[in-house]
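Engineer: Structure provided below as structure tokens; questions to follow.
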Amino acid sequence: MTGAGGMLGREVVALLGSSVTALSRADLDITDRSAVVAAVADHDVVVNTAAWTDVDGAEAHEAAATAVNGDAVALLATACADAGARLIQLSTDYVFDGHGTTPYAEDAPTAPINAYGRSKLVGERAALAAGGYVVRTAWLYGAHGRNFVATMLTLAATRDTVDVVTDQVGQPTWARVLAAQLVELGGRAVAGAAPPGVYHGTATGVASWFDLARATFATVGLDPERVRPTTSDRFVRPAPRPSYSVLAHDNWTLAGVSPQPDWQSQLKEALATGTLT
């Protein structure tokens, strides 16, 4: 797998142990065609979690972001097709415009509103054109790397109150749960039991960032009233964010894989591990 040093990659590696070839950014430049071909050889499944993840930075450097999130995926997809390997490409809710009011189906029209989303959509199309799998995720948190839940715990220790937006909603997703889902999908793909296409790898249920912050405080025994509501216009950023990032999960039944549990139970289990602080 690529991106093995990231939040999600490290969770996949932890589940698979010595049975996975774990390649970090230092081990593999996914924009290098010959290196990609050599890395893919003799593997049944390639999970690509390597990506340009600086959403705001992509606004000023869209070509560079697309080289990693789009063009490099095309290299991986071609190498996988030539080697007979299944490609599982990680993508994002940012391929949608965020103006929806009901969960986005896997085949809903895409319309990204920022450079990061456009770059990831290029990668999606390349993976799908080569018969690969695309797993869109969103609002990911975990033990490895910066994320919203860990940030809330840090702020709770340093501030009396925290202002968090109520006008962006999505599905908070624990990286460990998504990793298990990816491993299961890979096994089903090798067995010929999972059709290629798009899958949505997020928790069930809906929450705003405000809801998630309050739930984080409450779960670790802090007063959730310390989290105060605000709106996105208070936090202007270079890249616009989708306000509605709720995804439907119907295609998992086609693969024989269960959708993820609800976001509340995931959060409680994740915080119980004590690894997010």
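The values are calculated or read from the model by the stated rules, or taken from the named source; none is laboratory data. Given the structure is predicted, the values throughout are model-derived calculations rather than measurements. Please note: Cβ atoms are built from the backbone with ideal geometry, for glycine as well, and neighbour counts cover all protein chains shown. The area values use the complete protein model at the heavy-atom level, side chains included, leaving out ligands, DNA and RNA. Shrake-Rupley method; radii C 1.70, N 1.55, O 1.52, S 1.80 Å.
Engineer: Looking only at segment 96-145, which residues are open to solvent by 10 Å² or more (accessible area, probe 1.4 Å), in a loop (DSSP other than H, G, I, E, B), in contact with a Ser or Thr (Cβ under 7 Å, 6 or more places away or on another chain) and under 21 Å from LEU185 (Cα atoms)?
Structural biologist: ALA130, TRP139
Engineer: For segment 76-87, state whether one or more residues are assigned to a strand (DSSP E or B), open to solvent by 50 Å² or more (accessible area, probe 1.4 Å) and at pLDDT 95 or above.
Structural biologist: Yes, some residue in segment 76-87 is assigned to a strand (DSSP E or B), open to solvent by 50 Å² or more (accessible area, probe 1.4 Å) and at pLDDT 95 or above.
Engineer: With VAL169, VAL165 as the choices, which residue is under 21 Å from THR92 (Cα atoms), open to solvent by 20 Å² or more (accessible area, probe 1.4 Å) and either in contact (Cβ under 8 Å) with a residue 60 or more places away in the chain or not aromatic (Phe, Trp, Tyr) (or both)?
Structural biologist: Sole residue among the options that is under 21 Å from THR92 (Cα atoms), open to solvent by 20 Å² or more (accessible area, probe 1.4 Å) and either in contact (Cβ under 8 Å) with a residue 60 or more places away in the chain or not aromatic (Phe, Trp, Tyr) (or both): VAL169.
Engineer: Can you spot a residue in segment 33-42 that is touching a strand residue (DSSP E or B) at 6+ places or on another chain (Cβ under 7 Å), closer than 14 Å to ARG86 by Cα and among the β-branched types (Val, Ile, Thr)?
Structural biologist: Yes; the residues of segment 33-42 include at least one that is touching a strand residue (DSSP E or B) at 6+ places or on another chain (Cβ under 7 Å), closer than 14 Å to ARG86 by Cα and among the β-branched types (Val, Ile, Thr).
Engineer: Grab the strands (runs of 3 or more DSSP E) fully contained in segment 155-252, keeping just those with 2 or more residues being more than 23 Å from PRO109 (Cβ to Cβ).
Structural biologist: 162-165, 227-230
Engineer: Continuing with the same structure: Does ARG176 qualify as being open to solvent by 70 Å² or more (accessible area, probe 1.4 Å), closer than 19 Å to ALA143 by Cα, in contact (Cβ under 8 Å) with a residue 40 or more places away in the chain and not β-branched (Val, Ile, Thr)?
Structural biologist: Considered against the rule, which asks whether it is open to solvent by 70 Å² or more (accessible area, probe 1.4 Å), closer than 19 Å to ALA143 by Cα, in contact (Cβ under 8 Å) with a residue 40 or more places away in the chain and not β-branched (Val, Ile, Thr), ARG176 comes out as yes.
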